[in-house]
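These notes concern the structure reproduced below.
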């Protein structure tokens with residue numbers, strides 16, 4: 001283990017992606033830092049954080065995925081990558097770590113559901129609220 005200083009724009013999600021290979025593993029990274037008692041969203045610039053010695057390369061995500069960009073919603077990502085916006089729930093099911101579907105974190109990695117999962121996924125009419 002080694003320590004790093006949090007840079008502007010870093011988050012537990014981004015650091016977990018960088019050092020553990022997946023942003024979804026942020027609770028694991030945070031548990032390595034018991035002194036981090038503040039709310040996860042308050043990770044401040046300059047904070048010292050313990051991380052694993054080796055950095056995981058960003059190419060470690062081998063499953064089909066998409067990186068969230070400014071303005072993306074589950075609906076727009078499902079429409080673009082799954083062929084129909086109504087498949088947003090399939091995208092949500094493939095990413096259970098996303099707890100607020102109305103606020104996707106820019107730079108986070110969302111896994112795309114497999115063709116089998118997509119075929120069995122119920123396509124419901126409700127749409128998540130737009131940001």
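Any read-out appearing in this document is the output of simple, stated calculations on the displayed coordinates, not a laboratory observation. All of these numbers come straight from a predicted model, not from anything done at the bench. With ideal geometry, Cβ positions are generated from the backbone for all residues, glycine too; neighbour counts draw on all protein chains shown.
Assorted remarks:
- Stokes-Einstein D in µm²/s, Kirkwood radius over Cα pairs - region 1-104 at 25 °C with 0.890 mPa s viscosity: 163 µm²/s
- Length-normalised contact order of the chain in % [C-alpha pairs under 8 Å, at least 6 apart]: 24 percent
- Peptides 14-23, 37-46 ranked from most to least packed by the mean count of surrounding Cβ atoms within 10 Å: 14-23, 37-46.
- Estimated FRET transfer efficiency (residue 93, residue 28; beta-carbon r; R0 22 Å; 0.05): 0.50
- With the simple spin-label model, which puts each label point 7 Å out from Cα in the Cβ direction, the residue 2 to residue 45 separation comes to 2.3 nm.
- Between residue 37 and residue 116, the FRET efficiency from the beta-carbon distance, with R0 = 41 Å, is close to 0.45.
- Cβ-Cβ FRET estimate between residue 67 and residue 103, R0 fixed at 22 Å, reported to 0.05: 0.85
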